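First up is the structure itself, then whatever we jot down about it.
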Amino acid sequence: MGSKPEKLHLFLLILLFTSLYSSSSSAVTLQSSFPKEALPTKSGYLTVNSTTGSAIFYTYYEAQKPRMNLSETPIIIWLQGGPGCSSMLGNFYELGPFRVSSSLRHNVEHLSLEPNPGSWNRVFGVLFLDNPIGTGFSIASNPEEIPRNQHDVAKHLFIATRKFVALDKLFENRPIYLTGESYAGKYVPGFGYYTLKKNEGLPKSRRLNLAGVAIGNGLTDPEAQVGTHAVNAYYSGLINEKQKTQLEKLQMEAIRLTKNGNWSEATSARSRVLNTLSNMTGLATLYDFRKLKPYEDELVAKFLSNVEIKRALNARESIVFDICSDLVGKVLHEDVMKSVRYMVEFLVKNTKVLLYQGQCDLRDGVVSTEAWMKKMKWEGIGKFLEAERNVWRVNDELAGYVQKWENLTHAVVMNAGHLVPTDQAVNSQAMIEGWVLEKGLFATRLKQKPSNMGKSL
């Protein structure tokens with residue numbers, strides 16, 4: 001039997017996990033403590049400035065069923081978009097091993113963690129980084145230190161990732177794949193570009209073993225992408241011709257300001273395009289035109305507000321967790337309309353690139369991405385555009401479409417919106433595993449006959 005102080009301590013812990021705290025709609029309680037199997041393999045902080053103490057928060061999950069020695073097992077790095085949104089959204093709502101779920105009983109919302117059947121760490125290690133500093137649980141010693149451009153974002157990511165690799169001998173030579181969605185359509189190319197350039201001047205022991213980059217529903221070349229919203233909505237039956245004309249005028253203004261380098265005004269002009277489209281259509285969210293209500297990402301914020309959960313993750317307990325940081329968003333306001341297409345062009349010549357979109361995303365979806373892909377300055381782009389777009393199936397069911405030529409792969413995920421892993425967990429898992437391991441339609445050289453097309457992992 002334990003002592004009275006020990007019993008009191010245990011009682012207080014139980015109270016912490018079952019106590020109610022107020023929310024806008026109902027009371028909320030955590031159904032149980034953090035399941036041991038849901039804890040990260042490693043988590044904490046990677047310092048990017050030893051003088052000020054600014055640091056990037058991370059959670060790492062080792063592969064559940066690696067197909068090779070751990071020293072050779074790929075590591076996937078996930079970066080959330082925003083700018084300024086926490087990768088804990090990706091962790092606990094999209095592709096991590098456990099997802100936050102909610103149930104309502106007696107007007108009390110119960111939050112719990114449930115296993116994710118489509119987790120990306122099934123055969124790979126997955127590293128979630130709260131990027132840039134000031135985002136999520138990451139620490140910015142002062143606002144002036146938050147990066148204002150993709151070079152500085154990448155510099156911090158490179159420092160943090162090298163420090164992560166140094167944590168364990170098993171990490172040293174493992175291939176690294178950079179992945180992310182939305183505004184990470186700029187982070188991922190920026191980080192990849194910086195890494196390849198930086199590696200050139202470093203001894204092999206200090207390089208990052210970059211093996212590829214994957215961008216989901218990314219904002220990468222905003223000038224080309226902002227010009228697609230009207231035609232996309234019109235041919236989707238969501239607006240009429242008069243509204244299409246009105247929207248096109250707003251788009252042209254955003255493009256004009258971008259061409260002139262009026263970055264802040266251009267960003268605001270893009271926001272007017274999206275807000276107008278939202279008002280015209282009356283949709284619950286442009287992130288997925290099928291949804292009757294937006295993605296429930298607030299569940300993650302509620303979950304991570306609990307002090308015991310913060311403690312379990314080795315996060316600083318004093319930080320008030322927000323899914324997206326308004327401060328970081330303001331700092332990067334002028335960066336929004338700047339293109340990083342040239343970085344993707346450099347990457348596709350030097351490593352493999354996957355671009356994927358959910359079919360139902362109206363913000364950074366298929367039409368938006370194809371608009372800038374066609375403009376790529378890469379000797380293989382002509383052959384890519386002429387390549388077959390193959391029907392992709394997972395477990396004998398239609399999952400989407402895959403088009404590939406040499407280093408560039410494009411995947412459209414059916415019945416998914418902006419957050420592809422949330423909407424299609426198993427199919428997104430099959431996609432990332434197929435691409436990394438070069439299996440099925442994601443193989444380097446397609447040899448399948450038409451009758452065999454669509455086979456996947």
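The values are calculated or read from the model by the stated rules, or taken from the named source; none is laboratory data. Quick caveat, the model's predicted, so the values are computed rather than measured. Positions of Cβ are generated from backbone atoms using ideal geometry, with glycine treated the same way; all protein chains shown enter the neighbour counts.
Selection within region 234-287: residues that are more than 22 Å from H333 (Cα to Cα), over 25 Å from the mean Cα position of the chain (by Cα) and in contact (Cβ under 8 Å) with a residue 40 or more places away in the chain. The member of this set that is surrounded by the most Cβ atoms within 10 Å (Cβ to Cβ) is I239. A166 meets the conditions (1) without any contact (Cβ under 8 Å) to a residue 24 or more places away in the chain; (2) among the hydrophobic types (A, V, I, L, M, F, W, C); (3) in contact with a Gly (Cβ under 7 Å, 6 or more places away or on another chain) in every case but one. The failed one is (3). If you check R272, R316 for being of a type in the set (K, R), under 27 Å from I146 (Cβ atoms), assigned by the TED database to the domain that holds E144 and at pLDDT 95 or above, only one passes: R316. When residues of region 319-369 are filtered for being closer than 22 Å to M431 by Cα and either outside the structural domain of F384 (by the TED database) or in a loop (DSSP other than H, G, I, E, B) (or both), how many remain? Here the count works out to 8. The condition of being modelled with pLDDT of 95 or more, surrounded by fewer than 21 Cβ atoms within 10 Å (Cβ to Cβ) and of a type in the set (D, E, K, R) holds for only one of E62, E6, E37, that being E62. Restricting region 351-383 to residues that are charged (D, E, K, R) and surrounded by 21 or more Cβ atoms within 10 Å (Cβ to Cβ) leaves a set whose member that is farthest from the chain's Cα centre (by Cα) is K352. Considering (1) outside any helix (DSSP H, G or I); (2) surrounded by fewer than 19 Cβ atoms within 10 Å (Cβ to Cβ), the lone condition that A315 does not fulfil carries the number (2). Within region 129-188, the residues that satisfy the criterion of being in contact with a Pro (Cβ under 9 Å, 6 or more places away or on another chain) and either outside the structural domain of V353 (by the TED database) or among the charged types (D, E, K, R) (or both) are D152, K155, R174, E181, K186.
Residues that are hydrophobic (A, V, I, L, M, F, W, C) and in a loop (DSSP other than H, G, I, E, B) were ranked within region 371-430; the one that is nearest to G218 (Cα to Cα) is L419.
Residues in region 67-125 that are of a type in the set (A, V, I, L, M) and surrounded by fewer than 19 Cβ atoms within 10 Å (Cβ to Cβ) were compared, and the one that is farthest from F137 (Cα to Cα) is M68. In this entry, R207 passes the filter for residues that are without any contact (Cβ under 8 Å) to a residue 40 or more places away in the chain, surrounded by fewer than 22 Cβ atoms within 10 Å (Cβ to Cβ) and touching a helix residue (DSSP H, G or I) at 6+ places or on another chain (Cβ under 8 Å).
As for region 206-226, it holds no residue that is farther than 30 Å from Y177 by Cβ and modelled with pLDDT of 95 or more.
Residue-by-condition table, conditions (1) closer than 18 Å to I309 by Cα; (2) over 12 Å from the mean Cα position of the chain (by Cα):
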position	(1), (2)
E94	no, no
P97	yes, yes
S103	no, yes
V108	no, yes
N116	no, yes
A140	no, yes
P147	no, yes
V153	no, yes
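Every listed requirement among (1) crowded, with 24+ Cβ neighbours inside 10 Å; (2) modelled with pLDDT under 95 is met by G185 save one, (2).
Flag: L95 does not match the condition of being of a type in the set (A, V, I, L, M), out of contact with any Gly (no Cβ under 8 Å at 6 or more places or on another chain), within 27 Å of V394 (Cβ to Cβ) and in contact (Cβ under 8 Å) with a residue 40 or more places away in the chain.
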